[in-house]
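Novice: The following block contains the structure, expressed as structure tokens.
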Amino acid sequence: MNWYDRLLRDWSPQRYMRRQRLRAFGDATAQAAGIGKRYAGYEGASTSRRKKDWKPTASDPTTIARMDLASLRARSHDLRRNNAYITRGLSAITNSTVGTGIVPRIRARGTRRRGADRNRERAVEAWHEWAETRACDADGRHNLYGLQALAMDTVAEAGEVLIRRRFRRPEDGIPLNLQLEVLEPDYIATTMYVASEVPRGNQVINGIEFDRIGRRVAYHLYTSHPGRSIGPVPTSAGVKRIPAEDIIHLYRVDRPGQVRGVPWTAPVMIRMHDLDEYQDAQLSKQKVAACFAGFKHGGAVDADETEDEAEEAEKLEPAMLERLAPGEEITFGNPPTVGDYPEHVKMELRAVAQGLGVTYQQLTGDLSSVNFSSGKMGWMEHERAVESWRWTMLIPVMCGGVWDWFSQQAELFLGVNIEALNVGWTPPKRTMIDPTKEIPATRDAIRSGQMTLFEALRERGHDPREALSEYQEANALLDELGIVIDSDPRHTASSGNRVEDVQQEDSANAEN
């Protein structure tokens, strides 16, 4: 205690106690900020000697993205190009999430009115003509479902993707005068923007412009890819301000306030790179060891031996007989064993699979240690992740955004009453692990009221109305041709007997 504290204690005990409370609060605040040694209630927050090298940053997601995003994307692209496991893992994410495409279910909204069906038919025809052909792609390579796969693949690899709306002239011959352009996130000018075009009060964060209340109003994009080696390098003069209504920005939000996406390989890229180098080192060691099959010892040096003969390497060949000189002997090399190499690689790849959100079997193709139960449990857990990616990111952001753009053009050019329509989305069918068990379970769920027929059909990737319309058409054709098949429940019961016979038997049993 210093002289001032002693004087204050004797003169005003109340002020002395207040000073002590403020001092204790200041010490606690300093400890929370990492100043000085901290004895915390949570071991994970302690700053002891064991944790002195653990110095995480407390930056917000915007700052972290500005500092590290370009490096993370470059490393993720490199792993995708050169690492077979990462290539397979990212492909598994896209194949599971998008598959053959997430298709819309266009329905008339509310009660049926005159012209409602014709209005829906015009919308469906326009969708088929535009979205399900290559006309919707600015590059002319994909239909909309191919663009969904391309966008999802880019999100997993680079963390985010841009879909830009491009209007076309009537003479271009594009349905609805609309096309979609998929852009890598490198096009976002993170550190540059067109300052003269930014309205007063707006701010540009990582290449995205926000208004006073935090709404996205524009994206500042390079006119060409900044990594291209041909042509001029993009500068501030090569940056263009694109209104936000012309951009769909697709990425997974991991933190509140996050405005840019992070590559999904970020948690595993160091581990995967180190494993790649470890495997190369193991292979090099085995290759070098295999070069030394045996060693010759002893024997006199032949003075008449030429230099070429002395430098000629001995070789081993099948069925070879070798005569040794007096005093010579041969010992064979003992190449190093692989030891725990296989188990170590498996352990590392399991961690990589967990980081990517796929199963170990999807990542490696190794099915040697999986049985039906473990395979089903792993697949169910992966399906939960897939459903999350679909319904929290891909469907509401990309599919919903594309539908809005399509609706505007269909209403403008075709007179479709969009307000009278309702749209839902059907993901691709789920692959059954054991159909002999799952199909009866689905049938029982429908019969017991736990699932509707429409829900079961959507789970299989079918549009319920289209599927039932096909049933109706097929049944009408069968009746017209007088054909009865044993899979027709109108004529054949599940037991294999005719429905008429089963009904007669039930009636007889009821009378008795």
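Novice: What is the extension gain from residue 70 to residue 430, computed as 0.36 nm multiplied by their sequence separation minus the C-alpha to C-alpha distance, in nm to one decimal?
Specialist: Roughly 126.0 nm would be gained on extension.
Novice: Taking the Cβ of each residue in 198, 239 as the centre, tally the other Cβ atoms inside 10 Å and list the residues starting with the fewest.
Specialist: By the 10 Å Cβ count, ascending, the order reads 198, 239.
Novice: Residue by residue through segment 131-142, which ³J(HN,Hα) values in whole Hz follow from phi under the Karplus form 6.51 cos²θ - 1.76 cosθ + 1.60 (θ = phi - 60°), with glycine and proline marked x?
Specialist: 6, 9, 10, 6, 5, 6, 9, 5, 8, x, 10, 10
Novice: Using +1 at the Cβ of each Lys and Arg and -1 at the Cβ of each Asp and Glu in segment 85-201, identify which of 150, 177, 91 lies farthest towards the dipole's positive end.
Specialist: 177
Novice: Equivalent ellipsoid semi-axes for segment 41-187, as square roots of 5 times the alpha carbon gyration tensor eigenvalues: give them largest first, rounded to whole Å.
Specialist: After diagonalising the Cα gyration tensor, the semi-axes are 44, 21, 16 Å.
Novice: Another one. Mind checking the full-extension length gain between residue 481 and residue 283? Use 0.36 nm per residue of separation minus the Cα-Cα distance, one decimal, nm.
Specialist: The span from residue 481 to residue 283 would gain 64.6 nm if fully extended.
Novice: In percent, what relative contact order does segment 409-491 have, based on Cα pairs under 8 Å that are 6 or more apart in sequence?
Specialist: 24
Novice: For segment 121-150, which trypsin sites (Lys or Arg not before Pro) are both in a DSSP coil and crowded by at most 15 other Cβ atoms within 10 Å?
Specialist: Answer by residue number: 141.
Novice: Another question about this same structure. Count charges around residue 138 for me, please; just the other residues with Cβ under 15 Å from its Cβ, Lys/Arg as +1, Asp/Glu as -1.
Specialist: Spelling it out: positives minus negatives among the neighbours equals +1.
Novice: Once you list every other residue whose beta carbon is under 11 Å from the beta carbon of residue 451, what net charge do they have if Lys and Arg are +1 and Asp and Glu are -1?
Specialist: 0
Novice: Give me 485, 433 sorted ascending by neighbouring Cβ count inside 10 Å, so fewest comes first.
Specialist: Ranking 485, 433 by Cβ neighbours within 10 Å, fewest first, gives 485, 433.
Novice: Still on this model: What whole number of Å gives the distance from the Cα centroid of segment 127-185 to the Cα centroid of segment 197-221?
Specialist: If we compute the Cα centre of each part, the gap is 25 Å.
Novice: Continuing with this model, one more query. What ranking of 346, 287 emerges when the number of other C-beta atoms within 10 Å of each C-beta is taken as an exposure proxy, fewest first?
Specialist: Fewest-to-most Cβ neighbours within 10 Å comes out as 287, 346.
Novice: If packing is taken as the mean number of other Cβ atoms within 10 Å per residue, what is the order of 358-367, 452-461, highest first?
Specialist: 358-367, 452-461
Every read-out reported here was derived from the displayed coordinates using simple, explicitly stated rules and does not represent laboratory data. In this text the structure is predicted, and so the values were computed from the model without any measurement. Positions of Cβ are generated from backbone atoms using ideal geometry, with glycine treated the same way; all protein chains shown enter the neighbour counts.
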